[in-house]
Amino acid sequence: MSHLSHRTVFTLAALSALASACAGDQREPETPAGEAEQAPVMKTTPSPGEESAPAPNGQPAGLPQAEPQSMQGNSQNNVVAAPAVQPAQAKLSEDQIARVAELVNTAEVDQGKLAQSKAQSPRVKAFATKMVNHHSQAKAEQAKLVKQLNLTAAESPEAAALKSDGAQTLSTLKTTPAADFDRAYIDSQVTGHQKVLTTIDEQLLPSAKSERVVSALKLGREAVAAHLAEAKEIQDELSKTTGK
């Protein structure tokens, strides 16, 4: 994993908790065309002994009157709305990608340093130390790459959300009781790394243009996946220990 971190700057564009985020966003399935619920048909039958008056249209009494031809097939229940089209996500510039990477690294270092001081499990402490070391080096490497590519970190809605999520996660962890801290920190790492993978796949990679940025992001995705796998493993261990 260190090898991956040394090779990429934007690897760790993805290494975070998009606290929000990273916290995330399920969509409810849309009703397929042709499966709209049909209106029930009311059928009335005269009681035994009740005299049936002839129907005005000549149909036998006791049977439902036929719907006028002009009305058949025009029930509102037979109208199926077309599926809503989801708007495409706006692409980020590489300047904006650089800002996302910077925020991810900063959040991971801050949260990792807090975990180094508050965590009780040796493995959680070791994981936190790894995050601090990897992301600190990533920040230094990123500064070099940004300079080489003549990029200028730029804000975006994604960066603003990431910054807010990171601050919220750090604030929550600071107030988490010591007895609950290990699980809270690892849970946030699992959630955050999973969101980062989604961000890389759906936003960063589709937005990147230069080969160096694309290559860095692909290598970064491997590092994020490795960190996520380790965080999940620790999460499972804590579940067995605490029963939560």
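The values are calculated or read from the model by the stated rules, or taken from the named source; none is laboratory data. Quick caveat: nothing in here was measured; it's all calculated off a predicted structure. Quick reminder, even Gly has a Cβ in these numbers, built from the backbone with ideal geometry, and neighbours come from all protein chains shown.
Out of curiosity, is LEU92 assigned to a helix (DSSP H, G or I), surrounded by 15 or more Cβ atoms within 10 Å (Cβ to Cβ) and either touching a strand residue (DSSP E or B) at 6+ places or on another chain (Cβ under 9 Å) or modelled with pLDDT of 90 or more (or both)?
Details: assigned to a helix (DSSP H, G or I): no; surrounded by 15 or more Cβ atoms within 10 Å (Cβ to Cβ): yes; either touching a strand residue (DSSP E or B) at 6+ places or on another chain (Cβ under 9 Å) or modelled with pLDDT of 90 or more (or both): yes.
Spelling it out, it is not the case that LEU92 is assigned to a helix (DSSP H, G or I), surrounded by 15 or more Cβ atoms within 10 Å (Cβ to Cβ) and either touching a strand residue (DSSP E or B) at 6+ places or on another chain (Cβ under 9 Å) or modelled with pLDDT of 90 or more (or both).
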Worksheet item: Across the stretch 206-220, what is the number of residues that are crowded, with 19+ Cβ neighbours inside 10 Å and modelled with pLDDT of 95 or more?
Response: 2
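Let me confirm something: among ALA184, ALA161, ALA126, which residue is of a type in the set (Gly, Ala, Ser), more than 19 Å from GLY220 (Cβ to Cβ) and touching a strand residue (DSSP E or B) at 6+ places or on another chain (Cβ under 8 Å)? Give the derivation first.
Details: ALA184 fails: touching a strand residue (DSSP E or B) at 6+ places or on another chain (Cβ under 8 Å); ALA126 fails: touching a strand residue (DSSP E or B) at 6+ places or on another chain (Cβ under 8 Å).
When all the criteria are applied, what remains is ALA161.
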Worksheet item: For the stretch 221-244, which residues satisfy the criterion of being at pLDDT 90 or above, among the polar types (S, T, N, Q) and surrounded by fewer than 14 Cβ atoms within 10 Å (Cβ to Cβ)?
Response: SER239
Worksheet item: Any residue in the stretch 161-182 that is more than 18 Å from ARG99 (Cα to Cα) and among the acidic types (Asp, Glu)?
Response: yes
Item to complete: For ALA138, state whether it is modelled with pLDDT under 85 and either surrounded by 16 or more Cβ atoms within 10 Å (Cβ to Cβ) or outside any loop (DSSP other than H, G, I, E, B) (or both).
Response: yes
Fill in: Flag for GLN189 being polar (S, T, N, Q), surrounded by 14 or more Cβ atoms within 10 Å (Cβ to Cβ), in contact with a His (Cβ under 9 Å, 6 or more places away or on another chain) and at pLDDT 95 or above
yes
Worksheet item: If you go through the stretch 162-186 one residue at a time, how many are among the small types (Gly, Ala, Ser), surrounded by 24 or more Cβ atoms within 10 Å (Cβ to Cβ) and over 22 Å from LYS139 (Cα atoms)?
Response: 0
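How about the stretch 105-136: which of its residues are polar (S, T, N, Q) and under 27 Å from the mean Cα position of the chain (by Cα)? Outline the logic, then answer.
Initially, the stretch 105-136 is screened for residues polar (S, T, N, Q), giving 105-106, 111, 116-117, 120-121, 129, 133, 136.
The answer is ASN105, THR106, GLN111, THR129, ASN133, SER136.
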